[in-house]
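Engineer: Provided herewith is a single structure, encoded as structure tokens, for subsequent inquiry.
The values are calculated or read from the model by the stated rules, or taken from the named source; none is laboratory data. Because the structure is predicted, anything quoted here is derived from the model rather than measured. As a convention, Cβ positions derive from the backbone with ideal geometry for all residues, glycine included, and neighbour counts pool all protein chains shown. Accessible surface areas use protein heavy atoms only, side chains included; no ligands, DNA or RNA. Shrake-Rupley method; radii C 1.70, N 1.55, O 1.52, S 1.80 Å.
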Amino acid sequence: AARMRETPGRFTLILLMSGVAVWCFGCVIELQQITEIGKLLACKIQYLGIATVPVTWFLFVITYVRRDGWLTGTRRALLWIIPTVTLLLMWTNEAHHLMYQATSLDLGGYPPYWRITYGAWFWIHVSYNWGLVAIALCLAFFSLRDLAPFYRRQVLVLLGIAFFPLVANIVYVLRLTPLPYFD
């Protein structure tokens, strides 16, 4: 993507992939931690990606399906308010517990599970993220009828790329699995 200088959405895709990489890097670090402090620090690193991926995904999809005409500089900036507040609250959570009310380690397995009780802002943040991804999915889905077959296949891949991780994230956050604290 970095070499395709004239391609619309190139910069957003670079930001999106960077956010995914940071999120994955933080997850790997978290899995290696055996202390609550280590897991919290790794989670804070993950949030650099977690907070940015949904916005960059949304921006990439609406650019890709050519629905970005309404994206003024002000509207783009407004999309970043909740992720910015989320990052600030995550990195200062110990002072207010708006992201995580409580955390504890379950040492019954390896890696130790990190039990989290979500705070009030977490639900605002996650609702915003899920909403952005869902809106992007809908825009991509409804663009299918206007696209040539080659581009339809690409958009179908985009739909799959986001749909399954979105469902997995919802299942994890709402703890609908037999291992409710394993992400």
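Engineer: Just give me the residues in region 54-72 being among the β-branched types (V, I, T) and either under 17 Å from F142 (Cα atoms) or open to solvent by less than 20 Å² (accessible area, probe 1.4 Å) (or both), in sequence order.
Structural biologist: Step one: list which residues in region 54-72 are among the β-branched types (V, I, T), which gives 55-56, 61-63, 65, 72.
Selection gives V55, T56, V61, I62, T63, V65.
Engineer: List the number of the failed condition for W114; all other conditions in (1) assigned to a strand (DSSP E or B); (2) open to solvent by 30 Å² or more (accessible area, probe 1.4 Å); (3) of a type outside the set (D, E) hold.
Structural biologist: With respect to (1) assigned to a strand (DSSP E or B); (2) open to solvent by 30 Å² or more (accessible area, probe 1.4 Å); (3) of a type outside the set (D, E), W114 is out only on (2).
Engineer: Condition check: among the small types (G, A, S) and either surrounded by 17 or more Cβ atoms within 10 Å (Cβ to Cβ) or part of a loop (DSSP other than H, G, I, E, B) (or both). Does A140 satisfy that? So that I can check it myself, show each step before the final result.
Structural biologist: Details: among the small types (G, A, S): yes; either surrounded by 17 or more Cβ atoms within 10 Å (Cβ to Cβ) or part of a loop (DSSP other than H, G, I, E, B) (or both): yes.
So A140 fits the description; yes.
Engineer: Of the residues R3, R75, only one is under 22 Å from L132 (Cβ atoms) and at pLDDT below 90; which? Walk me through it before giving the result.
Structural biologist: Details: R3 fails: under 22 Å from L132 (Cβ atoms).
Matching residue, one of R3, R75: R75.
Engineer: Looking only at region 154-166, which residues are open to solvent by 90 Å² or more (accessible area, probe 1.4 Å) and modelled with pLDDT of 85 or more?
Structural biologist: First, the residues of region 154-166 that are open to solvent by 90 Å² or more (accessible area, probe 1.4 Å): 156, 161, 163-164.
Within region 154-166, L156, F163, F164 meet the criteria.
Engineer: Additional query: Any residue in region 12-27 that's closer than 19 Å to D68 by Cβ: show its pairings with residues that are of a type in the set (A, V, I, L, M, F, W, C) and not in a helix (DSSP H, G or I) at Cβ separation under 7 Å, as long as the two are six or more apart or on different chains.
Structural biologist: Within 7 Å, the pairs are L13/A1; I14/A1; I14/A2.
Engineer: A further question on this structure: With respect to the numbered conditions (1) closer than 17 Å to F58 by Cβ; (2) open to solvent by 90 Å² or more (accessible area, probe 1.4 Å), which one is the sole condition not fulfilled by Y151?
Structural biologist: Failed condition: (1).
Engineer: With the condition kept exactly as written, say whether any residue in region 89-103 is part of a helix (DSSP H, G or I), hydrophobic (A, V, I, L, M, F, W, C) and open to solvent by less than 80 Å² (accessible area, probe 1.4 Å).
Structural biologist: Pass one, region 89-103, residues part of a helix (DSSP H, G or I): 89-91, 93-96.
After this cut, where a residue has to be hydrophobic (A, V, I, L, M, F, W, C) as well, the list is 89-91, 95.
If we keep only those that are open to solvent by less than 80 Å² (accessible area, probe 1.4 Å) too, we end up with 89-90.
Yes, there is a match, as at least one residue in region 89-103 is part of a helix (DSSP H, G or I), hydrophobic (A, V, I, L, M, F, W, C) and open to solvent by less than 80 Å² (accessible area, probe 1.4 Å).
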